[in-house]
Amino acid sequence: MTTPAVYASRSDQTRGRRYPEPSPRNRSEFQRDRDRIVHAGAFRRLEYKTQVFINHEGDLFRTRLTHSLEVAQIARVLARSLGLNEDLTEAIALAHDLGHTPFGHAGQDELNACMHELAPDAGGFEHNLQSLRVVDELEERYAPFNGLNLCFETREGILKHCSLAHALLLGDVGERFIARTQPSLEAQLANLADEIAYNNHDIDDGLRSGLLSVEQLQGVPAFARHYDQVIQEWPAIAQRRAVSETIRRMINTLIMDVTVTTASNLASAAPANAEAARLCGPLVAFSDEIRAEANVLKKFLFENLYRHYKVMRMTNKARRIVRELFSTFIQEPRLLPPDYRRDDDQAQARAIADYIAGMTDRYAIREHHRIFQMGDQL
Ligand code: MG
């Protein structure tokens with residue numbers, strides 16, 4: 001195991017938890033955070049939430065759970081080779097999508113639109129803030145406190161971005177958005193690992209679903225470069241296997257690039273410790289060439305996959321489900337399960353957002369049926 005670098009976050013120097021607890025005896029503070037995340041109900045629900053494809057469309061596609069595991073795996077490799085805190089990186093990676101609504105970004109955009117239109121004073125909806133809300137408030141598993149009572153460093157890593165208005169309300173984890181400093185190197189790393197994971201698995205799932213073709217991807221340098229080489233080395237290879245080999249090489253290239261670029265950034269900035277690293281600019285990064293290539297790939301996926309008419313049809317249905325659930329509940333809160341009823345209008349809107357955001361894809365579809373279709377179970 002690589003010895004921890006001086007700028008690695010240290011479990012024994014955590015800024016602590018919101019509710020003080022005795023230190024764990026058989027594991028580090030950040031290991032305890034990771035374990036609490038894995039045991040959370042919201043973590044289990046990630047299995048039935050999607051990124052691009054609806055959960056029941058196919059067993060081979062990524063879900064938010066397998067995505068989170070891929071992010072954690074990439075982040076851990078990077079953390080270990082850079083001498084950063086592997087446990088903290090893993091905890092952040094596993095928790096980073098806990099606040100996602102059903103149906104991917106379409107669900108979150110629609111829920112946010114509903115909040116703004118139908119409950120304008122309640123503060124909108126943002127998945128990143130919701131992830132923090134899940135670990136700070138919504139999980140109800142521990143006798144002494146709401147939430148998982150995670151360490152500051154894990155919570156800070158979960159809150160990737162945040163408006164100034166929200167930052168002012170969030171206390172310690174909001175401060176860096178006001179001071180314009182960076183989160184820990186481990187948080188920066190988990191964030192980049194997320195990008196590496198989704199760009200590559202969206203190509204894989206896009207091809208597997210038939211929404212993208214290898215011919216189209218030949219126009220994307222990051223893919224074509226490796227694919228051509230694979231075909232040259234293995235002329236008789238089946239296309240499906242060539243694609244897997246290509247994606248494997250793409251991920252490897254990105255991981256190696258982040259490692260080399262970040263090591264060089266760290267060598268020149270030479271932060272004396274984890275605190276000093278927060279005051280430098282972003283240090284975990286791709287090289288300029290690879291960043292440019294990754295941006296071309298992102299643009300390709302946006303135009304050809306996320307805006308594919310079949311994906312648009314699915315997101316259109318998803319938006320309708322979220323909107324109809326939200327507007328019905330806000331007009332008639334007595335249709336809500338009692339746990340989600342509140343006396344105050346703003347609190348009621350927030351509780352409805354929490355209820356919908358916590359749903360899996362299939363739960364949201366079923367709930368929509370139960371509310372709008374006669375003859376279905378209540
Ligand atoms: Mg993600």
When every residue in region 60-80 that is within 11 Å of the ligand (Cβ to nearest atom) and among the basic types (K, R) is compared, the one surrounded by the most Cβ atoms within 10 Å (Cβ to Cβ) is R64
- Query: Yes or no: D202 surrounded by 20 or more Cβ atoms within 10 Å (Cβ to Cβ) and in contact (Cβ under 8 Å) with a residue 60 or more places away in the chain?
  - Reply: yes
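Considering each of A276, A263, A267, A272 in turn, give the residue that is modelled with pLDDT of 95 or more, more than 23 Å from the chain's Cα centre (by Cα), surrounded by fewer than 19 Cβ atoms within 10 Å (Cβ to Cβ) and not in a helix (DSSP H, G or I).
Of the residues listed, the single one that is modelled with pLDDT of 95 or more, more than 23 Å from the chain's Cα centre (by Cα), surrounded by fewer than 19 Cβ atoms within 10 Å (Cβ to Cβ) and not in a helix (DSSP H, G or I) is A272.
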Quiz item: Out of all the residues in region 304-319, is one or more at pLDDT 95 or above, buried (at least 19 other Cβ atoms within 10 Å of the Cβ) and assigned to a helix (DSSP H, G or I)?
Solution: no
Residue hits (region 111-162; without any contact (Cβ under 8 Å) to a residue 12 or more places away in the chain and in a loop (DSSP other than H, G, I, E, B)) are P120, E140, Y142, A143, N146
Test R80 against the criterion of being among the basic types (K, R), more than 17 Å from the chain's Cα centre (by Cα) and in a loop (DSSP other than H, G, I, E, B), and give yes or no. no
Take the conditions under 22 Å from K160 (Cβ atoms) and of a type in the set (S, T, N, Q) and apply them to N295. Does it pass? yes
Out of (1) surrounded by 13 or more Cβ atoms within 10 Å (Cβ to Cβ); (2) assigned to a loop (DSSP other than H, G, I, E, B); (3) acidic (D, E), the one E324 does not meet is (2)
Among the residues of region 120-128, is any within 21 Å of the chain's Cα centre (by Cα), modelled with pLDDT of 95 or more and either crowded, with 22+ Cβ neighbours inside 10 Å or under 15 Å from I247 (Cα atoms) (or both)? yes
Selection over region 81-97 where residues are within 16 Å of the ligand (Cβ to nearest atom) and within 21 Å of A270 (Cα to Cα) yields a count of 1
With criteria (1) modelled with pLDDT of 95 or more; (2) surrounded by 14 or more Cβ atoms within 10 Å (Cβ to Cβ); (3) in contact with a helix residue (DSSP H, G or I) (Cβ under 8 Å, 6 or more places away or on another chain), D361 comes up short on (1)
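The values are calculated or read from the model by the stated rules, or taken from the named source; none is laboratory data. What you see is a predicted model, and the numbers here were worked out from it, not measured in a lab. Cβ sites come from the backbone with ideal geometry, for glycine too, and all protein chains shown count toward neighbours.
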